[in-house]
C-alpha cells in the first residue's frame, strides 16, 4: 500500500502482535491492512470477494443451492493465493477468524470507494 495511509499501518512483521491487543475491530483493521500491503494480494482478495457475491447471487436467483458449497473455496482460495505467493505471510484468518472475515469485506468496500488502493 502506498501513500499516507501506508505510513499509519503497522505490520505484524514490525512488532509482536497478540490477540489481547485487539479489543475491537477498529483496533484490528490497521493491522489487517498492514498484512495486505502487496497490491496483487489485495486484488486477489477483491476478486475472491466479488466472486463470492456473484456466486451467492447466482445461487439465490436460480435456487441451485449446491453452488453455495463453493463459497469458501472461492473466497479463501484467492485470498490465500495472495498471501502465500505474493504477500509471503500467513493469512490473519488463522489467528483472528472473525475480525479477518470482517476485514475482508471492509477492505472490499474501501477498495470500491477508493479508500484502499487497488
> When only residues in segment 66-80 that are out of contact with any helix residue (DSSP H, G or I) (no Cβ under 6 Å at 6 or more places or on another chain) and in contact (Cβ under 8 Å) with a residue 24 or more places away in the chain count, which is farthest from residue 31 (Cα to Cα)?
Replying inline: 77
>> Condition check: surrounded by fewer than 13 Cβ atoms within 10 Å (Cβ to Cβ), part of a helix (DSSP H, G or I) and at pLDDT 95 or above. Does residue 98 satisfy that?
In response: yes
> Among 50, 92, which is the only one that is at pLDDT 95 or above and on the phi < 0 side of the Ramachandran plot?
Replying inline: 50
> Quick one: would you say residue 59 is surrounded by fewer than 18 Cβ atoms within 10 Å (Cβ to Cβ) and part of a helix (DSSP H, G or I)?
Replying inline: yes
> Just checking, which of 46, 58, 84 is without any contact (Cβ under 8 Å) to a residue 24 or more places away in the chain and touching a helix residue (DSSP H, G or I) at 6+ places or on another chain (Cβ under 9 Å)?
Replying inline: 58
> All but one of (1) assigned to a helix (DSSP H, G or I); (2) surrounded by 10 or more Cβ atoms within 10 Å (Cβ to Cβ); (3) at pLDDT 50 or above hold for residue 6; which doesn't?
Replying inline: (3)
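The values are calculated or read from the model by the stated rules, or taken from the named source; none is laboratory data. Predicted, not measured: the structure shown is a model, and the values here were computed from it. Every residue, glycine among them, receives a Cβ derived from its backbone with ideal geometry; neighbour counts consider all protein chains shown.
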